[in-house]
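So the structure is just underneath, and the comments pick up after that.
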Amino acid sequence: MPRTRLVIAAALAVLLVGGVAPTVVAGAVGAPTVSSLLAASGRALKGLHGVHLVVTTDRQGVRGSAVADIGRSAGHESYTSGAEHFDVAVTTAAAYLSGSPSGLRSLMGLNASQAAKVGAKWIVMAKKTTQYKEFWLNLTATGFGAILPSAKGTRLLGTRDVTTGGYQLRWTTPQSATASASTTTLVLASGSHPWPLREEVAARGATSLTVFSHWGESVHFPRPAATIAYAKVFG
């Protein structure tokens, strides 16, 4: 089964800021810099237990959405694209995967026979397996630090985000063998806890928006009642 690239994003429930976005005055006393904002955000993220996020994507007119809760010892994501969907989850004991037959095939890479074996059950991936480790990395707070970019190549925009009033950081990722060039704008809260609030990514023919909320939430996922072992599906 291919590695799952979860569209993780997020943001503290914040009151919307109306009116004109305030200006960041470069060089002003006490004005933030890219380095100071990233350092403060990194400190704020340390020790947090969880976050809720909602991601919407549009790839050449095909729209998708994901809702996830990422915690210290558990995580869960539901992804939908048209009539296709899948759910993935992880706990300290195991990782789980379920979905519609077409979602398991086109989104998760199962063949028709494998998807038929799963049916309405959840595939169970035991702890310490490669599959478990991949889900654990993507669906727990282990990956919080990866939300923040490197200071090199990142610039602080001169205006705040109109929606949240947060600081806007922007950087460009060059084209690679597997992905088009893209431009990312990350909004950090302007208060004493500069957590990520929203992230927008624009590439050729594709866009995504991630909204983060409920930083610090506690995340739990109960073991599903109907399960099937990974080996019985892929063995």
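Place a label point 7 angstrom from the Cα of T142 along the Cα-to-Cβ direction, then list the residues of segment 76-94 whose backbone nitrogen is under 17 Å away.
76-77, 88-94
Let me check I've understood the local charge: for S190, count other residues with C-beta under 11 angstrom from its C-beta, Lys and Arg +1, Asp and Glu -1. What total comes out?
0
Report the Cα centroid-to-centroid distance between segment 132-210 and segment 53-107 in angstrom, as an integer.
Segment 132-210 and segment 53-107 have Cα centres separated by 20 Å.
Suppose a student asked you for the relative contact order of segment 34-234, using Cα pairs under 8 Å spaced at least 6 residues apart; what percent would you report?
27
Once you put a point 7 Å from the Cα of S176 and another 7 Å from the Cα of S35, both along the Cβ direction, what distance in nm separates them?
Placing both labels 7 Å along Cα→Cβ, they lie 2.7 nm apart.
Local charge sum around G64 (other residues, Cβ-Cβ under 11 Å, Lys/Arg +1, Asp/Glu -1)?
Values: positive: R59, R63; negative: D58, E84.
Local net charge: 0.
Provide, for the chain, the number of lysine pairs with alpha carbons under 23 Å apart, each pair being eight or more places apart or on different chains.
Lysine pairs, 8 or more places apart or on different chains, close enough: 9.
Taking the chain as a Gaussian network, Cα atoms linked when under 10 Å apart, which of T154, T129, T207 shows the biggest mean-square fluctuation?
T129
If the chain between T129 and T183 were fully stretched, how many nm would it gain, using 0.36 nm times the residue separation less the Cα-Cα distance?
Working it through step by step, the gained length comes to 16.0 nm.
Over the Cα atoms, compute the radius of gyration (one decimal) and Dmax (the largest Cα-Cα distance, rounded to a whole number) for the chain, in Å.
19.2, 64
Considering only segment 34-234, what is the antiparallel percent among its DSSP beta bridges, to the nearest 5?
95
Can you tell me the FRET efficiency between R59 and H214 if r is taken as the Cβ-Cβ distance and R0 is 30 Å, rounded to the nearest 0.05?
That pair, R59 with H214, gives E of 0.65.
Cβ neighbours within 10 Å, averaged per peptide: list 87-93, 61-67 in order, most packed at the top.
87-93, 61-67
Cα gyration tensor of segment 56-143, axes a ≥ b ≥ c as square roots of the eigenvalues: rounded (a/c below 1.5), prolate (a/b > b/c) or oblate? All intermediate terms of the calculation are to be shown ahead of the outcome.
Working: a/c = 2.29, a/b = 1.23, b/c = 1.87.
Oblate.
Which FRET efficiency, nearest 0.05, do A226 and H49 yield, Cβ-Cβ r, R0 30 Å?
Working: r = 29 Å, r/R0 = 0.96.
E(calc), rounded to 0.05, equals 0.55.
Counting only residues 5 or more places away or on other chains, whose amide H sits under 5 Å from the amide H of L110 once H atoms are built in the peptide plane?
R105
Every number here is computed from the coordinates shown, using simple stated rules; none is lab data. These figures come from a predicted structure and were not determined experimentally. Neighbour counts are summed over all protein chains in view; Cβ atoms, including those assigned to glycine, are modelled from backbone coordinates with ideal geometry.
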